[in-house]
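S.K.: Before I ask anything, let me first share the structure, which is written out below as structure tokens.
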Amino acid sequence: MRQIYSSLFQGAALAAALTAFGAAPSFAQNGGKFGGTLNVVWGDPRSGSAGGDVRFSIALDGGKTYPLLVAPVDQGKAITSFGKHVVIDGRLTKDAHGNPAIQAQRIGAPPAAPPSHHATETRRVLYILLKYQGDSQEPHSEQFYLDLTNPKKGDLGKNIPASINGFFDKTSWHNLQWKADVTDWMKLPHPKTYYANCGWDQSCANLGALSNDAFALAVKAGVNLSVYDNINFVINNDLDCCAWGGGTSYQGKSYGATWEPPWGQETSVYSHEFGHSIGLPHSGWTYYAYDSPWDIMSKRTAAKTIQCGSYFSVNDGADRAINCTEPGDGYIAPHKDYLGWLPAENQVVIDAPRTKEIKLEANALPLRKGIKLVKICLAGLPCTGGSAHYLSVEARIGGKKYENGLTGDGVIIQDVYLNRGAIGGSCYFNSQSGFAVPIDATPGDWDAENCDSGGREWPDYALGNAQFLPGQTYRNNSLHVSVQVKKQEGSSYIVKVKRTN
Ligand SMILES: [Zn+2]
């Protein structure tokens with residue numbers, strides 16, 4: 001197939017081929033409009049490791065999928081279009097591996113509405129269990145993946161401290177549940193080196209090849225793929241640096257998807273990768289990659305850890321323990337809002353200059369009448385839609401599932417910008433930032449010269465102590481905004497928000 005692409009990769013010839021696959025017809029030279037579903041996948045390294053990647057692709061209306069090269073400045077825009085049908089002004093080119101790709105020059109207007117995950121939803125997910133050719137180990141039984149997902153509670157007898165549905169039921173305020181099925185362990189037609197010919201230090205997984213082989217195996221086994229919203233590709237050994245989550249397309253249908261090596265087949269990693277599969281990016285990147293302990297889409301702080309298995313890790317060349325965890329940092333309020341889980345009556349929107357005192361209830365508590373999010377719109381900037389830019393204010397108090405891994409209690413203020421470009425730099429081992437960047441209540445306790453804590457103990461540096469406490473005020477004169485934390489009242493904080501322009 002690759003040879004056919006190469007021979008076709010000659011301007012007009014490939015342009016004609018793409019037109020035949022369903023791209024819109026207006027081609028000029030190698031450029032033109034490409035209509036299809038935009039997919040994103042995020043690669044996340046193991047805790048404490050470097051690496052990672054974000055890849056974009058477009059499944060053209062005719063069914064063919066191409067890598068989509070997106071400039072860092074357009075990353076946010078592409079992420080808000082995840083899983084959506086888009087029209088891209090683009091140019092045919094080759095990616096870093098020499099394969100045909102589409103360079104996005106302009107991504108069509110982002111959808112007015114965010115992903116439509118509002119109201120109670122049960123997404124059906126199929127775990128496809130896959131063994132590399134020549135590697136017979138099975139890290140868990142088939143039943144393990146059902147036990148990990150379907151019940152509302154973990155089972156310590158099975159070494160599962162928290163279940164995926166337990167996390168999502170609480171965190172989504174009953175908006176999202178998963179109904180999992182599982183295949184038998186099936187043999188892939190190729191060895192690990194064919195799908196991911198590298199170790200921990202690179203992002204080399206050929207997810208397309210792996211997924212296509214897995215889909216074919218599932219179909220051959222009699223699975224009706226059409227009933228599933230999500231596919232979890234479960235691999236019996238390591239991939240590359242990473243565990244992966246996002247979306248994929250197969251034969252004209254798009255799925256949320258995860259690709260997990262054994263170390264990632266547990267509740268916290270799945271809750272992060274499932275987050276990607278429903279359209280969430282990361283948060284954090286204030287000082288370094290994955291630096292926010294306030295969001296499972298960032299640092300991924302566990303509240304409880306139990307060893308639940310082991311495997312012979314081909315990347316390590318040694319046996320490796322598999323840990324199962326209880327997620328400890330939940331989802332942030334702006335992400336819950338983005339997903340449609342936070343009704344308007346539980347938010348306060350400051351959309352004009354004014355001063356308002358608000359009782360802000362802890363994010364981890366059930367959704368009743370309390371206010372969970374304050375959005376401070378900014379003068380002259382859109383506060384809704386795909387270019388929304390505002391400040392978010394939320395209360396975070398530990399002691400409730402699934403926020404028992406928080407580094408403290410207080411008020412978290414974030415700069416939320418959906419159209420934000422990628423954040424990188426010498427202290428960032430990757431630039432997979434997202435919409436929400438926490439504002440630190442204690443700036444100056446991160447050594448940006450040496451990219452370390454400057455001798456401070458966690459969590460007394462960077463975002464470990466980002467929370468604003470009673471008596472503290474965040475003031476931003478250029479944005480004409482201040483947020484004063486007046487006091488704590490039980491599981492709420494009283495905040496006084498002021499916008500003067
Ligand atoms: Zn991630």
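S.K.: Which of the residues that make up the range 474-501 are open to solvent by less than 60 Å² (accessible area, probe 1.4 Å) and within 16 Å of Glu357 (Cβ to Cβ)?
M.R.: Within the range 474-501, Tyr474, Val481, Ser482, Val483, Val485, Ser492, Tyr493, Ile494, Val495, Val497, Arg499 qualify.
S.K.: A follow-up question, please. Within the bounds of the range 154-163, is there any residue that is at pLDDT below 95, out of contact with any His (no Cβ under 7 Å at 6 or more places or on another chain) and in a loop (DSSP other than H, G, I, E, B)?
M.R.: No, the range 154-163 has no match at all.
S.K.: Continuing with this model, one more query. What number of residues within the range 164-182 are open to solvent by 10 Å² or more (accessible area, probe 1.4 Å) and outside any helix (DSSP H, G or I)?
M.R.: 7
S.K.: Being within 16 Å of the ligand (Cβ to nearest atom) and assigned to a strand (DSSP E or B) is the filter here; which residues of the range 429-454 pass it?
M.R.: Passing the criteria: Ala436, Val437.
S.K.: Can you spot a residue in the range 214-231 that is within 14 Å of the ligand (Cβ to nearest atom) and not in a loop (DSSP other than H, G, I, E, B)?
M.R.: no
S.K.: Which members of the range 183-213 meet the condition of being in a loop (DSSP other than H, G, I, E, B) and free of Cβ contacts under 8 Å to residues at least 40 places away in the same chain?
M.R.: Correct list: Asn197, Cys204, Asn206.
S.K.: Taking the range 455-473 as the region of interest, how many residues are among the charged types (D, E, K, R) and either touching a His at 6+ places or on another chain (Cβ under 7 Å) or open to solvent by less than 60 Å² (accessible area, probe 1.4 Å) (or both)?
M.R.: Counting residues in the range 455-473 that are among the charged types (D, E, K, R) and either touching a His at 6+ places or on another chain (Cβ under 7 Å) or open to solvent by less than 60 Å² (accessible area, probe 1.4 Å) (or both) gives 0.
S.K.: Let me ask you something else. Taking the condition at pLDDT below 95, in a loop (DSSP other than H, G, I, E, B) and either over 30 Å from Asn501 (Cβ atoms) or not polar (S, T, N, Q) (or both), does Gly398 pass?
M.R.: So Gly398 fits the description; yes.
S.K.: Next question, about the same structure. Check the range 386-398 and report whether any residue there is under 23 Å from the mean Cα position of the chain (by Cα), open to solvent by 40 Å² or more (accessible area, probe 1.4 Å) and either within 23 Å of Ile164 (Cα to Cα) or touching a residue at least 24 places away in the same chain (Cβ under 8 Å) (or both).
M.R.: Checked against the condition, which is being under 23 Å from the mean Cα position of the chain (by Cα), open to solvent by 40 Å² or more (accessible area, probe 1.4 Å) and either within 23 Å of Ile164 (Cα to Cα) or touching a residue at least 24 places away in the same chain (Cβ under 8 Å) (or both), the range 386-398 yields at least one hit.
S.K.: Quickly run through the range 359-372 and pick out the residues that are surrounded by fewer than 21 Cβ atoms within 10 Å (Cβ to Cβ) and assigned to a strand (DSSP E or B).
M.R.: Lys359, Ile371
S.K.: Among the residues that make up the range 345-355, is at least one of them open to solvent by 10 Å² or more (accessible area, probe 1.4 Å), part of a loop (DSSP other than H, G, I, E, B) and of a type in the set (Asp, Glu)?
M.R.: There is at least one residue in the range 345-355 that is open to solvent by 10 Å² or more (accessible area, probe 1.4 Å), part of a loop (DSSP other than H, G, I, E, B) and of a type in the set (Asp, Glu).
The values are calculated or read from the model by the stated rules, or taken from the named source; none is laboratory data. Bear in mind that the values here come from a model prediction, so they are computed numbers and not experimental data. Virtual Cβ from ideal backbone geometry, glycine too; neighbours counted across all protein chains shown. Surface areas here come from the heavy atoms of the whole protein model, side chains and all, with no ligands, DNA or RNA. Shrake-Rupley method; radii C 1.70, N 1.55, O 1.52, S 1.80 Å.
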